[in-house]
Amino acid sequence: MASPPSTVTSDSGSGLLQSSIFEENLEAVLDQRKQRRRVSNRESARRSRVRKQQRLDDLNSQLQHLRRDNAEVLASLSLVTQRYFEVDRENSVLRIQSMELGNRLMSLAEILQCCFNGSRRLDGFISPQNLM
């Protein structure tokens, strides 16, 4: 910034002229600073918008990725659930068959008991240890 002249001239016309030039220079300097600040602020705002857009793009990309992952997990869950119910049905059938076979074994043991009329001990024959 230019400083005002330190000496006062006797001619008031030239002093006013110097003062006027000084004020114009000061105004020009201040205008340049304002203009540089405006340009700097515009550039800063532009960079901020670019960062914001980049962040938005990244979040959208992440959202799409998570939606794909979610769809895969749901499909996998559906398959696992379906397989679980299939295995549960098979287990129910096997439990029923096991009970039926156990009942048949008991019936056969009773028949054998009657046939041999208790002359031989058949308890060991139907013992669970002998079945394995």
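Laboratory data are not the source of any read-out in this text; all were calculated from the coordinates shown. From a predicted model like this one, the values you see are computed outputs, not experimental measurements. Cβ atoms come from the backbone with ideal geometry, glycine included; neighbour counts cover every protein chain shown.
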Given points 7 Å out from each Cα along the Cα-Cβ axis, report the N70 to R104 separation in nanometres with one decimal. 5.2 nm
Counting Lys and Arg as +1 and Asp and Glu as -1 over every other residue whose Cβ sits under 15 Å from the Cβ of D57, the net charge comes to +3
